[in-house]
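Before I ask anything, let me first share the structure, which is written out below as structure tokens.
Derivation of every value follows stated rules applied to the coordinates shown; laboratory data play no part. None of the values given here were measured: they were computed from a predicted structure. No Cβ is skipped: glycine too gets one built from the backbone with ideal geometry, and neighbour counts run over all protein chains shown.
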Ligand SMILES: [Zn+2]
């Protein structure tokens with residue numbers, strides 16, 4: 001990627017009028033890249049005639065996808081049927097924040113959901129395609145403590161999750177990259193290494209959403 005991307009995240013809660021305002025001022029401030037959640041209407045709505053989308057084209061913004069989108073991988077309604085794929089805390093399964101990463105069933109759900117979410121958005125994402133996958137805000141270190149997961153640190157459980165999604169992405173576009181949060185509070189995680197299509201996220205763009 002020759003051109004440096006200056007990124008702005010637009011939350012899925014941002015209304016249509018607000019989007020127009022944000023995009024105009026982003027262009028004035030020399031941003032060239034906009035990130036939408038994998039669950040944003042931008043990827044779900046097939047109507048490309050909306051004004052803010054035309055505006056993005058007018059300014060030739062790069063489009064990227066993702067953010068704090070882990071909750072999309074394991075839908076909360078599964079809690080009723082598959083409690084064992086959810087995070088354990090002090091012996092109890094919790095519905096909030098991440099999941100039980102060593103359960104093979106969790107991995108297969110993530111793989112399936114990631115493949116769906118990436119394939120739904122991939123044609124709108126600008127090559128070289130960049131996706132972002134970050135843990136829940138303020139809960140970066142809140143991961144599963146079940147007997148099997150206890151052997152893995154938050155950084156490792158985060159890597160297991162992003163690696164799974166990265167495999168799904170590589171099947172769709174081998175050139176695409178995932179930026180992930182390197183929790184990096186400890187020495188190298190032995191045995192679990194980031195996939196080749198992953199890069200550590202350095203920017204703090206997700207703190208300045210509208
Ligand atoms: Zn677990």
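Given the conditions (1) within 16 Å of the ligand (Cβ to nearest atom); (2) outside any loop (DSSP other than H, G, I, E, B); (3) crowded, with 22+ Cβ neighbours inside 10 Å, which single one is not true for residue 118?
Status for residue 118: all satisfied but (1).
Follow-up question, since we're still on this one. Somewhere in the stretch 165-188, is a residue under 16 Å from residue 71 (Cβ atoms), within 16 Å of the ligand (Cβ to nearest atom) and touching a helix residue (DSSP H, G or I) at 6+ places or on another chain (Cβ under 8 Å)?
No: the stretch 165-188 contains no residue that is under 16 Å from residue 71 (Cβ atoms), within 16 Å of the ligand (Cβ to nearest atom) and touching a helix residue (DSSP H, G or I) at 6+ places or on another chain (Cβ under 8 Å).
Okay, moving on. Only one residue in 161, 142, 126 is within 13 Å of the ligand (Cβ to nearest atom) and touching a strand residue (DSSP E or B) at 6+ places or on another chain (Cβ under 7 Å), so which one is that? Give the derivation first.
On the way: 161 fails: touching a strand residue (DSSP E or B) at 6+ places or on another chain (Cβ under 7 Å); 126 fails: within 13 Å of the ligand (Cβ to nearest atom).
Exactly one of 161, 142, 126 is within 13 Å of the ligand (Cβ to nearest atom) and touching a strand residue (DSSP E or B) at 6+ places or on another chain (Cβ under 7 Å), namely 142.
List every residue pair whose Cβ atoms lie under 9 Å apart, where the two residues are 6 or more positions apart in sequence or sit on different chains, the first residue falls within the stretch 144-163 and is over 19 Å from residue 114 (Cβ atoms), and the second residue, located anywhere, is within 12 Å of the ligand (Cβ to nearest atom) and in a helix (DSSP H, G or I).
These pairs meet every condition: 146/84; 149/157; 152/160.
Let me spell it out: the conditions are (1) crowded, with 17+ Cβ neighbours inside 10 Å; (2) within 22 Å of residue 82 (Cβ to Cβ), and residue 129 meets all of them except one. Which number is the exception?
(2)
Can you name every residue in the stretch 74-90 that is under 19 Å from the mean Cα position of the chain (by Cα) and either in a strand (DSSP E or B) or away from the ligand (no atom under 15 Å from the Cβ) (or both)?
If the condition is that a residue be under 19 Å from the mean Cα position of the chain (by Cα) and either in a strand (DSSP E or B) or away from the ligand (no atom under 15 Å from the Cβ) (or both), then 75, 76, 86, 87 are the ones that fit.
Another question, then. If only one of 13, 17, 54, 30 is in a loop (DSSP other than H, G, I, E, B) and free of Cβ contacts under 8 Å to residues at least 12 places away in the same chain, which one is it?
Numbers: 17 fails: in a loop (DSSP other than H, G, I, E, B); 54 fails: in a loop (DSSP other than H, G, I, E, B); 30 fails: free of Cβ contacts under 8 Å to residues at least 12 places away in the same chain.
Only one candidate passes the filter, namely 13.
Now for a separate question. Would you mind telling me which numbered condition in (1) surrounded by 18 or more Cβ atoms within 10 Å (Cβ to Cβ); (2) in contact (Cβ under 8 Å) with a residue 40 or more places away in the chain residue 85 fails?
Result: residue 85 fails condition (2) only.
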